[in-house]
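Right, one structure below, let's go through it.
The values are calculated or read from the model by the stated rules, or taken from the named source; none is laboratory data. Computed from a predicted model, the values in this text were never measured in an experiment. Because the Cβ atoms are built from the backbone with ideal geometry, glycine has one as well, and the counts that use them run over all protein chains shown.
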């Protein structure tokens, strides 16, 4: 069945099987990652767009109300803070995200990042191929403390991997799954400050949006151990990157891993991209894309997606 799909995600339709799955369905597919203002981006296709797959650029009230053929708004990810859900609900348009689809992939990446930071693998690799022979003394992760900020699908998956490695795990969450924590010897802390002060590795897995903007700033970085590492797998705005660069330069923390950016691709002229003790990766998003495709097919078939966030539109 034909469909006109517009995306504001830099990654949707690029990874793994997703491009071939879109092509096999013969959908018209357009990527708009520049702007949402009149005369550019999404508005060039506003009259014909049937599905909007949202990335970093917001699905605003204006976009949703002005798209006459819009059948669904889908998030290429989990956080929907940049989707005007009330506007979609008013038009009885389903809003759908992709929870849990990349939980194991991100948890595995976070685990790999801990090993890479502990052993400074990228830095040592670059030294050797550059003709050097730096004998960097790394550390073991076993016995260290991992602090997980956000004990959702990804956080829980990471916690289990960390416990299997012999790590101590702390977690902070607004609505923690205390039964899961108790069963797996995870200590829930009531305050983020406590987690930051006690952890050797801090891994971020919370939603973005204004409420969590600069959740980790200069004050929070000052609370961390001087030999600790910060890892951001959440949203770019969660970490004040200027403050992080300053903390790394002043050796207030030992290193960082970044997998989320305010803009994608990021502006690599920022000083943090020249630091040897920081590792950068892009998102791995194949399963999210396949989930988006499956939900588009649900809507085209007149069915209700199991991941719809505003089910009241069906009442």
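Below are the figures for this structure:
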read-out	value
Sole residue being crowded, with 17+ Cβ neighbours inside 10 Å, more than 23 Å from residue 121 (Cβ to Cβ) and either touching a residue at least 60 places away in the same chain (Cβ under 8 Å) or not assigned by TED's automatic domain parsing to the domain that holds residue 56 (or both), chosen from 155, 255	155
Breaking point among (1) under 30 Å from residue 305 (Cβ atoms); (2) touching a helix residue (DSSP H, G or I) at 6+ places or on another chain (Cβ under 7 Å); (3) assigned to a loop (DSSP other than H, G, I, E, B), for residue 253	(1)
Qualifying residue in region 9-16 (condition: surrounded by 18 or more Cβ atoms within 10 Å (Cβ to Cβ), at pLDDT 90 or above, assigned by TED's automatic domain parsing to the domain that holds residue 72 and within 27 Å of the chain's Cα centre (by Cα))	no
Some residue of region 106-120 being more than 23 Å from the chain's Cα centre (by Cα) and surrounded by fewer than 19 Cβ atoms within 10 Å (Cβ to Cβ)	yes
Verdict on residue 96 being surrounded by 15 or more Cβ atoms within 10 Å (Cβ to Cβ), modelled with pLDDT of 95 or more and not assigned by TED's automatic domain parsing to the domain that holds residue 236	yes
Condition check for residue 52: in contact with a strand residue (DSSP E or B) (Cβ under 8 Å, 6 or more places away or on another chain), under 19 Å from residue 311 (Cα atoms) and not in a loop (DSSP other than H, G, I, E, B)	yes
Conditions (1) within 19 Å of the chain's Cα centre (by Cα); (2) in contact (Cβ under 8 Å) with a residue 60 or more places away in the chain; (3) surrounded by fewer than 21 Cβ atoms within 10 Å (Cβ to Cβ); number of the one not met by residue 267	(2)
So residue 247, is it surrounded by 17 or more Cβ atoms within 10 Å (Cβ to Cβ), outside the structural domain of residue 78 (by TED's automatic domain parsing) and modelled with pLDDT under 90	no
Some residue of region 263-284 being farther than 19 Å from residue 112 by Cβ, in the same structural domain as residue 12 (by TED's automatic domain parsing) and part of a loop (DSSP other than H, G, I, E, B)	no
Every residue from region 26-37 that is in a loop (DSSP other than H, G, I, E, B) and either out of contact with any helix residue (DSSP H, G or I) (no Cβ under 9 Å at 6 or more places or on another chain) or at pLDDT 95 or above (or both)	26, 27
Filtered residues of region 184-201 (kept if in contact with a helix residue (DSSP H, G or I) (Cβ under 6 Å, 6 or more places away or on another chain) and without any contact (Cβ under 8 Å) to a residue 60 or more places away in the chain)	184, 186, 188, 189, 193, 196, 197
Which numbered condition residue 54 fails, given (1) surrounded by fewer than 21 Cβ atoms within 10 Å (Cβ to Cβ); (2) closer than 30 Å to residue 154 by Cα	(1)
Positions within region 50-59 being without any contact (Cβ under 8 Å) to a residue 60 or more places away in the chain and more than 20 Å from the chain's Cα centre (by Cα), in sequence order	50
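This table checks each residue for (1) closer than 20 Å to residue 7 by Cα; (2) touching a residue at least 40 places away in the same chain (Cβ under 8 Å); (3) not in a helix (DSSP H, G or I).
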position: 65; (1), (2), (3): yes, no, no
position: 70; (1), (2), (3): yes, no, yes
position: 73; (1), (2), (3): yes, no, yes
position: 77; (1), (2), (3): yes, yes, yes
position: 87; (1), (2), (3): yes, no, no
position: 101; (1), (2), (3): yes, yes, yes
position: 107; (1), (2), (3): no, yes, no
position: 113; (1), (2), (3): no, yes, no
position: 124; (1), (2), (3): no, no, no
